[in-house]
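> Here's a structure for you.
The values are calculated or read from the model by the stated rules, or taken from the named source; none is laboratory data. This one's a predicted model, so the numbers in the text were calculated from it and none came from an experiment. Backbone-built Cβ (ideal geometry, glycine too); neighbour counts: all protein chains shown.
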Amino acid sequence: MPKLTDTQSVILSRAATRPGNLAMPLPEGLHGAAAQKAVTAMITRGWLDEVDADLRRGEPLWRETGDGHGTTLVATEAGLEAIGIEPVAASAVASARKAKPQTGAEVAPTTEANDAPKPVAIRAGTKQAQIIALLQRPEGASIAEIVDATSWQAHTARGAISGALKKKLGLPVTSEKVEGRGTVYSLR
């Protein structure tokens, strides 16, 4: 595992808990030149990507591009792996959007107070990681298949899908009724 500073660990851990792996807003007290230096180092190492911000969804801005748009920061698979989140879960959570490189734009990081939830790291070999792997299969997974893999009760498996995967991690879990299998869940 690469050696991270405390600031880098906090930024990546918080990003892992947010929908779309948003790294913004940065930790309280990190702004100006210090924020620029930390973010530049993380982008250089491939741990963060600068992407177009979706202003309709209220995503916090890292910087304004000058044309009425802005960019935000997203943790990459490499960044999530740097804090110990396994690649299967990282690819399920990672955002695929990329920002168009802008030159000459002034950097204006935001520093809102953040009441972020505790960082949630998905460790390899956990039941949550097993469920994510099952849902990523092309055929998805039924509750019975998840129960067989995890030895959980059916209501616990449904709760994990609804609470941990959908709400906490913000994963796009879909469900459909399939004859002979019942309700089949998948990540799309």
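> Among the residues of the stretch 129-188, write down those that are among the aliphatic types (A, V, I, L, M), farther than 28 Å from Arg18 by Cβ and touching a helix residue (DSSP H, G or I) at 6+ places or on another chain (Cβ under 7 Å).
Val147, Ala154, listed by residue number.
> Let me ask another. Where the second residue is assigned to a strand (DSSP E or B) and at pLDDT below 90 and the first is more than 14 Å from Thr72 (Cβ to Cβ) and lies in the stretch 42-53, which pairs have Cβ atoms under 7 Å and are six or more apart or on separate chains?
Within 7 Å, the pairs are Trp47/Ala75.
> Quickly run through the stretch 139-188 and pick out the residues that are on the phi > 0 side of the Ramachandran plot, in contact (Cβ under 8 Å) with a residue 12 or more places away in the chain and out of contact with any Phe, Trp or Tyr (no Cβ under 9 Å at 6 or more places or on another chain).
Within the stretch 139-188, Gly170, Gly182 meet the criteria.
> Closer than 22 Å to Pro2 by Cβ and at pLDDT below 80, is that true of Glu86?
So Glu86 passes the test.
> Counting only residues that are aliphatic (A, V, I, L, M) and over 23 Å from the mean Cα position of the chain (by Cα), which one in the stretch 124-145 is farthest from Pro172 (Cα to Cα)?
For the stretch 124-145, the residue satisfying everything is Ala144.
> Out of the residues in the stretch 54-72 meeting the condition of being free of Cβ contacts under 8 Å to residues at least 24 places away in the same chain and not aliphatic (A, V, I, L, M), tell me which one is farthest from Arg14 (Cα to Cα).
Of everything passing the filter in the stretch 54-72, Asp67 is farthest from Arg14 (Cα to Cα).
> For the stretch 165-184, which residues satisfy the criterion of being at pLDDT below 85 and of a type in the set (Gly, Ala, Ser)?
Gly170, the sole residue that qualifies.
> Here are some residues: Arg45, Arg18, Arg57. Which one is among the basic types (Lys, Arg) and in contact with a helix residue (DSSP H, G or I) (Cβ under 8 Å, 6 or more places away or on another chain)?
That would be Arg45, the only listed residue that is among the basic types (Lys, Arg) and in contact with a helix residue (DSSP H, G or I) (Cβ under 8 Å, 6 or more places away or on another chain).
> Just to be sure, is Ala75 at pLDDT below 85 and closer than 25 Å to Gln128 by Cα?
When the stated conditions are applied, Ala75 does not pass them.
> Answer yes or no as to whether Glu28 is in a loop (DSSP other than H, G, I, E, B), at pLDDT 80 or above and outside the structural domain of Leu165 (by TED's automatic domain parsing).
Considered against the rule, which asks whether it is in a loop (DSSP other than H, G, I, E, B), at pLDDT 80 or above and outside the structural domain of Leu165 (by TED's automatic domain parsing), Glu28 comes out as yes.
> I would also like to ask the following. It is to be established whether one or more residues within the stretch 44-62 are among the acidic types (Asp, Glu), surrounded by 14 or more Cβ atoms within 10 Å (Cβ to Cβ) and part of a loop (DSSP other than H, G, I, E, B).
yes
> Confirm whether Ala53 is modelled with pLDDT of 85 or more and either of a type in the set (Gly, Ala, Ser) or touching a Lys or Arg at 6+ places or on another chain (Cβ under 7 Å) (or both).
Against the criterion (modelled with pLDDT of 85 or more and either of a type in the set (Gly, Ala, Ser) or touching a Lys or Arg at 6+ places or on another chain (Cβ under 7 Å) (or both)), Ala53 does not qualify.
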